[in-house]
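*Asks:* The structure that follows is given in the form of structure tokens.
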Amino acid sequence: MIQKRFLKKVRTGALLLAMSITGYVATAQKQGTLNVVTQKPITAVSPAMWGIFFEDINFSADGGLYAELVKNRSFEFAAPKMGWKEEGRGKVLINNRLAENQRNPHYAAITANGSFRLTNEGFRGMGISAGEQYNFSTWIQKAEGTSPVTISLKLLNAKGETIGEARLPAATADWQKLQVSFQATQTEPKARLQLVFEGAGTVNMDMISLFPQHTWKDRPGGLRKDLVQKLDSLHPGFIRFPGGCIVEGRTLDQRYQWKKTVGNVEDRESIVNRWNMEFSYRSAPDYFQSYGLGFYEYFQLAEDLGAKPLPILNCGMACQFNTGEVAAMGQLDPFIQDALDLMEFANGDATTTWGSLRSRMGHPAPFNLDRIGVGNEQWDPQYLERYKEFEKVLKQKYPSLKLVAAAGPSPGGEKFDYAWKELPATKVDFIDEHYYQNPSWFLNNANRYDNYDRKGPKVFAGEYASHDKEGKEAESRNTWLSALTEAAFMTGLERNADVVQMAAYAPLFAHIDAWQWRPDLIWFDNLRSVGTPNYYVQKLFSNYKGTTVVPILQNGEPLTGTDSLYASAAMDGNSRSLILKLVNTSAQPKAFTIIADDKKISGKGSMQVLTAPDKSAINTLDQPGAVTPKEQEVKASAGKIQVTLPPLSFSVVKVPAGK
Ligand code: AHR
């Protein structure tokens, strides 16, 4: 529903029709001079400027970042046997012990009458690597009054051949966690896990789990290494989590509640994923949230990445595209209490209730939470009145806590204008703007923030992506054109880094066989992942952030699209260098002399060039390197730099700025 709304906005931009590279002239026309004015710094660049937005959409958490291979491990899906196949002589009875265990009520009583097999299909299969060690675990109990059964485990490849096996120790009359580790003999992207029960008896089983031993930082039950590596390479300044609409839920009952996502994994309450049936054309009835990736893990990930954690909390409103259900005014206390308790969970010491839980989970030191989002993509007066209630309590208890408030789902219009009319009168620190728009919009909005009030609340460009035409391949919407137009737009964010202090592309991840929304920054299957052209744009901006924005001008004016050129410049105080970001959206190469007012800008530097022969070029899992940055040398001599920008290109120049 939401996607359709955005699709309507995607029009073919006339401006972009000129961008065909047919007729590309190899010799660059001399375009003249650009001036960099280091003596007139504009603003410091916030270290948190370029971040990431994680939402459990497109199987980003279970089936993605969270390395668990078993789907529906605790039989808590709406259809409790979903993902499991029964074969042979025996049966599975799902038991509900709700009265004694509200968070994880179901378990399976598995009876064998000879030989019985129970097979888990994984998340569109299981990605298994030859030579990797796999850790199986389960909570298990021999049912009272029955004979013992032996249980062996098999990893099966797509042909049904065994590619790894182990035998489970005998179950006892008491519930216990049994674990066994074994090695896989073959690489297989679509493996299955089979449990073979032999004998005549019954065992009760819950939390049937399989993880690779090598996860990110080799944490048991941890995150998929290749995916976190891709995030790490971005050097994000912040990570926003856990969403997105996932925060709101279709109903309030299905909202994201962080307290249900912390503590022992077997005590976390599974819940349906709100993207499960959102789009009928991409429905995923098997999409649930196990919360194995919960708030503790998000904070830990933020710390690993050197990023500021930015949790977004439900503000007493369910998704306004769905039910729009709200908690009545006067009934917001539990919601506000969740925010207060989250501060304690993140930063409180071990003498506090929630700080002590964090400490017991393995992190006695605080996570240094200093910003929270109140609501996701909310709008209208019902949001404002709820936001204000949160603000009153949070700012009183934590005056320096930064609050993020929503400006609705679009970058303009009635809802947006209302938010910007009302919010500046509050104590809000950031207003969260979202733009899923066509490529032309991104070009036309490179100057969007040039006239924003410098004294008002700061902008959090919380979700954006240039939406190009869709094609057959899953990754097809992440075209070079979409990435290039984002780069052009992002020069505008950087030029206005005094106003825009955080920005993130959205969504972050998508499983190639299980996505609901595209484009996305990183695509993956069960074994591989690929950074889109958009990923490399984000990476270049973030890795070449600089510390102080300085003007880069043509004929005294910023470059915001005249002659298809967009640019921003920053000094980097850490490496003592000048960084230029230059976007050429035309079909012609362009040559410039760049003159900086500081003659100390001299010496050998580098130019990262991101380009593609065609605006529809994409990176795919099979061809991940079609659009990736290529480095070339560049020289600065007494403040002068000569550059040629290829057609349809984004270039980042970094040269020494002297002592
Ligand atoms: O990024 C996908 C969705 O877009 C987010 O969940 C929501 O905030 C927005 O509508």
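*Asks:* Specify the angular offset, from 0 to 90 degrees and rounded to the nearest 10, of the alpha carbon long axis of helix 295-305 from the longest principal axis of the alpha carbons in the chain.
*Replies:* 40
*Asks:* Please report the carbon-and-sulfur percent of the accessible area for the chain; probe 1.4 Å, protein heavy atoms only, DNA, RNA and ligands left out. If you can, show how the numbers build up before the last one.
*Replies:* Working: 12050 of 24430 Å².
Its accessible area is 49 percent carbon and sulfur atoms.
*Asks:* Follow-up. Farthest toward the dipole's positive end in the range 34-121, which of PHE116, ALA44, ASN104, given Cβ charges of +1 (Lys, Arg) and -1 (Asp, Glu) about the Cα centre?
*Replies:* Positive-end residue among those listed: PHE116.
*Asks:* Starting from the Cα gyration tensor of the chain, multiply each eigenvalue by 5, take the square root, and state the resulting semi-axes largest first in whole Å.
*Replies:* Semi-axes (√(5λ), whole Å): 47, 29, 22.
*Asks:* OK, next. What does the convex hull of the Cα atoms come to per residue for the range 521-601, in Å³?
*Replies:* 135
*Asks:* Please report, to one decimal in angstroms, the Kirkwood hydrodynamic radius of the range 393-491 built from all distinct Cα-Cα pairs.
*Replies:* For the range 393-491, inverting the mean 1/r across all distinct Cα pairs yields 15.1 Å.
*Asks:* Now for a separate question. Of the DSSP beta bridges with both residues in the chain, give the percent that are antiparallel, rounding to the nearest 5.
*Replies:* 75
*Asks:* Can you figure out the FRET efficiency of LYS421 with LYS455, using R₀ = 22 Å and their beta-carbon distance, to the nearest 0.05? Present the calculation step by step, with values, prior to reporting the outcome.
*Replies:* On the way: r = 16 Å, r/R0 = 0.72.
Computed FRET efficiency for LYS421 and LYS455: 0.90.
*Asks:* Continuing with the same structure: What is the magnitude of the charge dipole of the range 519-655 about its Cα centre, with +1 placed on the Cβ of each Lys and Arg, -1 on the Cβ of each Asp and Glu, and no other charges, expressed in debye to the nearest 20?
*Replies:* The calculated dipole for the range 519-655 is roughly 480 debye.
*Asks:* What's the Cα-based Rg to Rh of the range 135-252, Rh via Kirkwood?
*Replies:* Details: Rg = 18.9 Å, Rh = 17.3 Å.
Rg divided by Rh gives 1.09.
*Asks:* May I ask you to work out the translational diffusion coefficient for the range 96-158 at 10 °C, viscosity 1.306 mPa s, via Stokes-Einstein with Rh from the Kirkwood sum over Cα pairs, reported in whole µm²/s? Intermediate values should be presented prior to the final figure.
*Replies:* On the way: Rh = 15.1 Å.
Translational D for this selection: 105 µm²/s.
*Asks:* In debye, nearest 20: dipole of the chain around its Cα centre with unit charges on the Cβ of K, R (+) and D, E (-)?
*Replies:* Values: 74 positive and 70 negative charges, 270 e Å.
My answer is approximately 1300 debye.
*Asks:* Heavy-atom accessible area per residue, the chain, 1.4 Å probe: how many Å²?
*Replies:* Ligands and nucleic acids excluded, the figure is 37 Å² per residue.
*Asks:* Kindly rank 551-564, 246-259 from highest to lowest mean number of other beta carbons found within 10 Å of each residue.
*Replies:* My ranking of the peptides, most packed first, is 246-259, 551-564.
*Asks:* Next question, about the same structure. Per-residue counts of other Cβ atoms within 10 Å, averaged by peptide: what ranking do you get for 367-373, 641-647, 440-446, highest first?
*Replies:* 440-446, 641-647, 367-373
*Asks:* Per residue of the range 102-111, in order, report the coupling 6.51 cos²θ - 1.76 cosθ + 1.60 (Karplus, θ = phi - 60°) as ³J(HN,Hα) in whole Hz, putting x for Gly and Pro.
*Replies:* Couplings: 6, 7, 9, x, 8, 9, 9, 9, 10, 10 Hz.
*Asks:* Would you pull out the residues with amide H under 5 Å of GLY201's amide H, same chain only if 5 or more places away, H placed 1.01 Å from N?
*Replies:* ALA112, GLY114
*Asks:* Where does each of 167-175, 398-406 land if you order them by average Cβ count within 10 Å, highest first?
*Replies:* Numbers: 167-175: 14.1, 398-406: 19.1.
Highest to lowest by the protection proxy: 398-406, 167-175.
*Asks:* Please compute the net charge surrounding GLY531, taking Lys and Arg as +1 and Asp and Glu as -1 over other residues with Cβ under 9 Å from its Cβ.
*Replies:* Net of charged neighbours comes to +2.
*Asks:* Hey, can you grab everything whose amide H is under 5 Å from the amide H of LEU34? Only 5+ residues off in sequence or another chain; H modelled, so Pro and N-termini drop out.
*Replies:* Correct list: THR593, ILE594, ILE595.
*Asks:* Quick one: which residues, 5+ away or cross-chain, put their amide H under 5 Å from the amide H of ILE522? H built at 1.01 Å from N.
*Replies:* PHE509, ALA510
*Asks:* Applying the Karplus parametrisation 6.51 cos²θ - 1.76 cosθ + 1.60 with θ = phi - 60° to the phi angles of the range 338-352, what ³J(HN,Hα) value in whole Hz is obtained for each residue in order, glycine and proline being reported as x?
*Replies:* Listing the rounded values in order: 4, 5, 4, 5, 5, 4, 5, 4, 6, 10, x, 7, 5, 7, 8 Hz.
*Asks:* Follow-up question, since we're still on this one. For the range 310-371, what are the per-bin percents of Cα-Cα distances with bins 5 Å wide, up to the bin holding the maximum?
*Replies:* 4, 18, 21, 17, 15, 11, 9, 5, 0
*Asks:* Provide the per-residue ³J(HN,Hα) series for the range 188-203, in order, calculated from phi with Karplus coefficients 6.51, -1.76, 1.60 and θ = phi - 60°, each as a whole number of Hz, with x at glycine and proline positions.
*Replies:* 8, x, 10, 6, 10, 10, 10, 9, 10, 9, 10, x, 9, x, 10, 10
*Asks:* If each Cα of the range 436-504 is one equal point scatterer, what is log10 of I(q)/I(0) from the Debye formula at q = 0.29 Å⁻¹?
*Replies:* Result of the Debye calculation: -1.29.
*Asks:* For the range 566-637, state the average projected area of the convex hull of the C-alpha atoms over all orientations, rounded to one decimal in nm².
*Replies:* In nm², the orientation-averaged hull projection of the range 566-637 is 6.4.
*Asks:* Beyond 24 Å, what share of the Cα-Cα pairs of the range 263-360 is found? Please give it as a whole percent.
*Replies:* Percentage above 24 Å: 38.
*Asks:* Per Stokes-Einstein, at 4 °C and 1.567 mPa s, what whole-number D in µm² s⁻¹ belongs to the range 285-421, with the Kirkwood radius over Cα pairs as the hydrodynamic radius?
*Replies:* Rounded to a whole number, D works out at 80 µm²/s.
*Asks:* I'm checking a number: the convex hull volume of the Cα atoms of the range 67-180, normalised per residue, in Å³. What is it?
*Replies:* Considering the Cα atoms of the range 67-180, their hull volume per residue is 123 Å³.
*Asks:* Same structure, new question: Would you be so kind as to identify which of PHE136, GLY90, ASN35 lies farthest towards the positive end of the dipole of the range 31-176, taking Lys and Arg as +1 and Asp and Glu as -1 on Cβ and the Cα centre as origin?
*Replies:* Farthest along the dipole direction, towards plus: GLY90.
*Asks:* I want to verify the translational diffusion coefficient of the range 498-632 in µm²/s; compute it with Stokes-Einstein, Rh as the Kirkwood radius over Cα pairs, at 25 °C and 0.890 mPa s.
*Replies:* For these conditions, the coefficient is 143 µm²/s.
*Asks:* So for the range 235-284, considering every pair of alpha-carbon atoms, how many percent are separated by more than 12 Å?
*Replies:* Considering the range 235-284, 70 percent of its Cα-Cα pairs are separated by more than 12 Å.
*Asks:* Taking just the alpha carbons, could you work out the radius of gyration and Dmax for the range 152-215, both in angstroms?
*Replies:* Over the range 152-215's Cα set, Rg and Dmax evaluate to 13.1, 37 Å.
*Asks:* Using only alpha carbon positions, build the gyration tensor of the range 44-97, then give the equivalent ellipsoid semi-axes as the square roots of 5 times its eigenvalues, largest first, whole angstrom.
*Replies:* Details: eigenvalues 322, 26, 12 Å².
Taking √(5λ) for each Cα gyration eigenvalue gives 40, 11, 8 Å.
*Asks:* Now, a different point. Around PRO551, with a cut-off of 15 angstrom between Cβ atoms, what is the net charge of the other residues, counting Lys and Arg +1 and Asp and Glu -1?
*Replies:* On the way: positive: LYS40, ARG495, LYS581; negative: ASP450, GLU494, ASP498, GLU557, ASP597, ASP598.
Residues near PRO551 contribute -3 overall.
*Asks:* Another question about this same structure. Taking the Cα centre of the range 522-588 as origin, sum charge times position over the Cβ atoms of Lys and Arg (+1) and Asp and Glu (-1), and report the length of that vector in debye to the nearest 20.
*Replies:* 240
The values are calculated or read from the model by the stated rules, or taken from the named source; none is laboratory data. Owing to the predicted nature of the structure, the values given are computational and were not obtained by experimental measurement. Because the Cβ atoms are built from the backbone with ideal geometry, glycine has one as well, and the counts that use them run over all protein chains shown. What goes into the accessible areas is simple: the full protein's heavy atoms, side chains included, and nothing from ligands, DNA or RNA. Shrake-Rupley method; radii C 1.70, N 1.55, O 1.52, S 1.80 Å.
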